[in-house]
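Asker: Got a structure for you, written out below as structure tokens; questions coming shortly.
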Amino acid sequence: MVDLARRLGGRLPFGLGGDPNLPLTYQRRHYLTAAAFVVAVALSMPVFFPDDASLHLANLWLIYLIAGIGFYFMFGLAGRFAFCQTFLMAVGGYTTAYFAVQRGFWVGLVVSIAVSVVLMTVFGLLLRRVEEFYFAIATLALTNIGIEVLQNWPSFAGANATRFDIPPITILGQRLATEMAAFWAILGFVVLTLLLGIFIERSPIRRQTLAARDRRIAAEMSGMNVQGLQLRLFVFGSVLGAVSGAILGAWQSVLTTDVFGIDLAVGLFVMVIIGGSESLWGVIIGSAIVVFLPNQLQALQEYQSLIYGAILLFGVILMPRGVAGLGDSLRTRFFPRRWEVAAGRGGDGSLESAPPWFKGSGVAPVEPAHGPDDEASSPLLEVREVSVAFGGVLAVDRVSLQLRKHGEVLGLIGPNGSGKTTLLNAICGIVPYSGTVLVRGRVTPRSPRHVSAAGISRAFQSPQVFPSLTCLENVLVGSADREFTGLTGAWIARPQMWRHERARWEKAAAALARVGLLRYHETPSRLLTYGHQRLLEIARGIVSDPEVLVLDEPSAGLNKAETDNLADLLEELAVGGLTILVVEHKIDFVDRICNRVVALEAGRVIAEGTPGEVWRAPQVAEAYLGRRGIAEG
Ligand code: ADP
Ligand code: MG
């Protein structure tokens with residue numbers, strides 16, 4: 001079975017096996033799936049939805065599907081706990097109803113899209129720093145207030161927030177008043193929604209969003225504008241909610257706020273969670289369950305909330321990755337990919353091969369240094385009198401250090417708790433500090449993204465890879481080239497986006513080859529060993545050709561062979577001109593790779609010089625031994 005699947009490779013009919021000439025994300029055949037879905041729905045209409053009653057349900061399903069896909073982008077993909085999708089549906093519904101009376105459905109729709117964009121951009125900006133639980137509460141509050149406003153605004157939403165006689169959708173002057181006519185129009189909206197969604201799925205946005213959701217700080221430290229991207233997806237998802245509400249009103253010709261209550265809010269969660277929160281296609285299944293299941297259980301109609309709740313509960317327990325995740329597991333079982341097969345055999349062997357799309361030679365030379373070093377030019381990295389206080393305790397106390405030359409490796413040593421990691425966090429703009437950090441003589445704005453843009457890359461003390469992404473995607477997140485990685489690239493400038501993507505793949509693959517992980521380019525990074533995760537982080541760090549690579553105890557948790565391998569790699573990188581600031585404990589390791597060493601104790605610099613000088617300094621020995629003495633005493 002395994003061999004068969006492998007031999008078929010990309011040659012399954014209709015490319016169902018995926019196109020091996022593209023990286024994994026782009027192998028998914030979304031267009032094909034979308035076409036198959038739409039044709040299936042269209043063809044099955046006379047069979048499954050022969051009468052108005054069943055067609056009514058089908059229409060409701062498709063309308064909810066649009067809102068559900070919007071919710072998928074903000075909640076499933078971006079990981080924002082937004083509870084306001086039902087409110088957005090209400091905004092879309094009532095705004096469209098209001099304007100449609102005079103000017104028709106389409107004007108109403110355009111106005112409601114504009115209103116929701118403005119409203120949610122403002123709201124999203126206000127809440128851009130608010131995370132998870134608090135974001136959920138804030139959006140819930142917005143929904144309550146919003147619905148309350150609608151209920152007390154009769155001139156806009158009608159008495160008791162009830163609007164009758166909402167004009168139906170019109171196309172070329174034709175009123176689509178029957179269920180059948182509405183069905184085709186709604187299917188058209190679904191096709192558009194799916195296209196916009198697929199364009200996002202097949203763009204750098206998918207990997208960036210998942211990275212930010214998995215590990216926000218590491219994503220920012222890789223140079224991503226996390227807030228900006230999450231805001232855009234939040235607004236996009238909200239607009240889909242408004243469109244869904246607009247269609248709902250025009251289709252029913254009646255609107256009350258009852259529809260937009262807690263049942264629908266929970267229903268939206270069911271759609272995304274049961275369907276699988278990382279799959280656009282899961283929402284189709286999820287929304288079908290939400291709409292059709294309670295109807296199948298007519299007798300239980302009054303227990304609808306209970307049924308939703310039970311589905312949600314059991315779904316989460318039994319299928320943590322939703323229906324789509326279940327499908328994925330089955331596929332892995334019966335049609336394993338190359339890396340899955342290899343993992344079963346011990347993870348080596350035939351995998352050495354480079355991806356077919358990779359044009360590079362395998363191992364890339366490290367990019368030459370950015371500019372000539374001369375004594376007069378400013379240091380690559382200069383830390384001046386930096387202090388960090390945590391509630392009165394000085395974790396870092398007026399530390400200064402410099403990295404002057406390309407290819408220099410500065411070691412930072414000191415007992416546990418001496419402030420090494422905190423100093424790195426200050427340099428990277430992750431914690432507030434007093435003092436100055438200069439990169440090439442310029443003060444960097446204090447945020448990880450700007451520090452990254454200035455030319456600092458970072459690997460963390462515990463490896464911060466993005467577990468949902470493949471190794472190649474992990475490295476791609478660190479690409480310095482961010483042209484067309486947003487909605488413009490996804491929706492409008494796709495040819496340019498593809499051109500830049502190909503260049504990015506090439507560079508990322510070269511970085512993977514550099515650290516010896518090219519063979520794992522399609523492997524999800526969560527399956528890597530600890531040592532490989534560290535190498536992957538380094539690949540992500542060097543792909544942007546940084547001025548300085550900052551490493552926090554890179555050899556921690558590695559065995560002897562892995563440590564030697566890492567030292568070889570760092571040495572090679574330094575010879576190639578990469579400047580490194582490395583926190584380390586292992587004496588051999590430090591002696592081997594560092595030109596200079598700075599020792600910290602209780603946040604203060606206690607010694608500085610060559611590795612030999614620093615280890616021999618009495619205050620350093622005392623700092624280490626003193627600690628041990630206390631521990632043993
Ligand atoms: P090292 O990396 O040298 O082992 P750290 O920089 O992690 O040391 O920690 C230095 C000191 O700062 C320790 O006393 C630690 O408890 C404290 N510290 C680190 N991070 C925080 C934080 N987020 N809040 C409060 N104290 C912290
Ligand atoms: Mg530390």
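Asker: Among 130, 441, 66, whose Cα lies farthest out toward the positive end of the dipole of the chain, if unit charges sit on the beta carbon of Lys, Arg (+1) and Asp, Glu (-1)?
Answerer: The one lying farthest along the dipole's positive direction is 66.
Asker: Sum up the charges of everything whose Cβ sits under 14 Å from the Cβ of residue 202, counting Lys and Arg as +1 and Asp and Glu as -1, but leave residue 202 out. It would help to have the intermediate numbers written out before the result.
Answerer: Working: positive: 28, 29, 206, 207, 494, 502; negative: 19, 201, 473, 501.
Counting the neighbours of residue 202, the net charge comes to +2.
Asker: Something else about it: Could you pull out every residue, at least 5 positions away or on a different chain, whose amide H is within less than 5 Å of the one on residue 395? Hs are placed 1.01 Å off N in the peptide plane, and Pro or chain starts have none.
Answerer: The list, which skips near neighbours in sequence, is 388, 389, 390.
Asker: Arrange the following residues from fewest to most other Cβ atoms within 10 Å of their Cβ: 94, 530, 433, 26.
Answerer: Working: 94 27, 530 13, 433 23, 26 19.
Taking fewest neighbouring Cβ atoms as first place, the list is 530, 26, 433, 94.
Asker: Please list, in order, the residues from region 252-289 whose amide nitrogen is less than 15 Å from a point placed 7 Å along the Cα→Cβ vector of residue 101.
Answerer: Correct set: 253-256.
Asker: Still on this structure, I have one more. For residue 21 and residue 151, calculate 0.36 nm times their separation in residues minus their Cα-Cα distance, and state this gained length in nm to one decimal.
Answerer: The residue 21-residue 151 span can extend by a further 41.3 nm.
Asker: At 7 Å along the Cα-to-beta-carbon direction for both residue 44 and residue 393, put a label point, then send me their distance in nm to one decimal.
Answerer: 6.0
Asker: Same structure again: For region 30-260, list log₁₀ I(q)/I(0) at each q in 0.10, 0.16 Å⁻¹, using the Debye formula over Cα point scatterers of equal strength and ignoring solvent, two decimals each.
Answerer: -0.48, -1.12
Asker: Could you give each residue of region 154-164 its phi-based ³J(HN,Hα) in whole Hz, using Karplus coefficients 6.51, -1.76, 1.60 with θ = phi - 60°, and x for Gly or Pro?
Answerer: x, 5, 9, 9, x, 4, 6, 6, 10, 10, 10
Asker: If I model a spin label as a point 7 Å beyond the Cα along the Cα-Cβ vector, how far apart are those points for residue 498 and residue 559 in nm?
Answerer: Using points 7 Å along Cα→Cβ, the separation is 4.6 nm.
Asker: Just how large is the dipole of region 30-260 about the Cα centre, in debye to the nearest 20, putting +1 at every Lys and Arg Cβ and -1 at every Asp and Glu Cβ? Intermediate values should be presented prior to the final figure.
Answerer: On the way: 13 positive and 11 negative charges, 156 e Å.
Rounded to the nearest 20 debye, it is 760 debye.
Asker: Order these by the 10 Å Cβ neighbour count, fewest first: 586, 507. Mind showing how you got there, number by number?
Answerer: Working: 586 16, 507 22.
Ordered by Cβ neighbours within 10 Å, fewest first: 586, 507.
Asker: For the pair residue 110 and residue 51, how long in nm is the line joining their label points, each one 7 Å along Cα→Cβ?
Answerer: 4.1
Asker: Sticking with this one: Place +1 on the Cβ of every Lys and Arg and -1 on the Cβ of every Asp and Glu in region 30-260, take the dipole about the Cα centre, and give the residue among 225, 106, 210 whose Cα lies farthest towards its positive end.
Answerer: Going by the charge dipole, the pick is 225.
Asker: Treat every Asp and Glu Cβ in the chain as -1 and every Lys and Arg Cβ as +1, leave all other atoms uncharged, and give the resulting dipole magnitude about the Cα centre to the nearest 20 debye. Display every interim value, and only then the final one.
Answerer: Details: 54 positive and 52 negative charges, 163 e Å.
Around 780 debye, computed over the chain.
Asker: What would the Debye formula give as log10 I(q)/I(0) at q = 0.07 Å⁻¹ for the alpha-carbon point model of the chain, no solvent?
Answerer: The computed values of log10 I(q)/I(0) come out as -0.54.
Asker: Going by how many other beta carbons lie within 10 Å of each one, how would you line up 505, 153, 498, fewest first?
Answerer: Values: 505 24, 153 12, 498 15.
Taking fewest neighbouring Cβ atoms as first place, the list is 153, 498, 505.
Asker: So which trypsin sites (Lys or Arg not before Pro) in region 77-142 pass both tests, a DSSP loop state and at most 10 other Cβ atoms within 10 Å of the Cβ? Don't jump to the answer; show the numbers that get you there.
Answerer: Values: sites: 80, 103, 128, 129; in loops: 80, 128, 129.
Passing both the DSSP loop test and the Cβ count: 129.
Asker: Follow-up question, since we're still on this one. When DSSP assigns beta bridges and you keep just the ones with both residues in the chain, what percent turn out antiparallel, to the nearest 5?
Answerer: Numbers: 23 of 40 bridges.
Antiparallel bridges: around 60 percent, rounded to the nearest 5.
Asker: Report the residues of region 86-115 in range of a label on residue 172: point 7 Å along Cα→C-beta, backbone N strictly under 13 Å from it.
Answerer: Taking a point 7 Å out along Cα→Cβ of residue 172, no residue of region 86-115 has its backbone N under 13 Å.
Asker: Give, in nm to one decimal, the length gained when the segment between residue 165 and residue 359 is fully stretched (0.36 nm per residue of separation minus the Cα-Cα distance).
Answerer: Details: separation 194, 0.36 × 194 = 69.84 nm, distance 6.21 nm.
My answer for the length gained is 63.6 nm.
Every number here is computed from the coordinates shown, using simple stated rules; none is lab data. This one's a predicted model, so the numbers in the text were calculated from it and none came from an experiment. Glycine also receives a Cβ, built like all others from the backbone with ideal geometry; neighbour counts cover every protein chain displayed.
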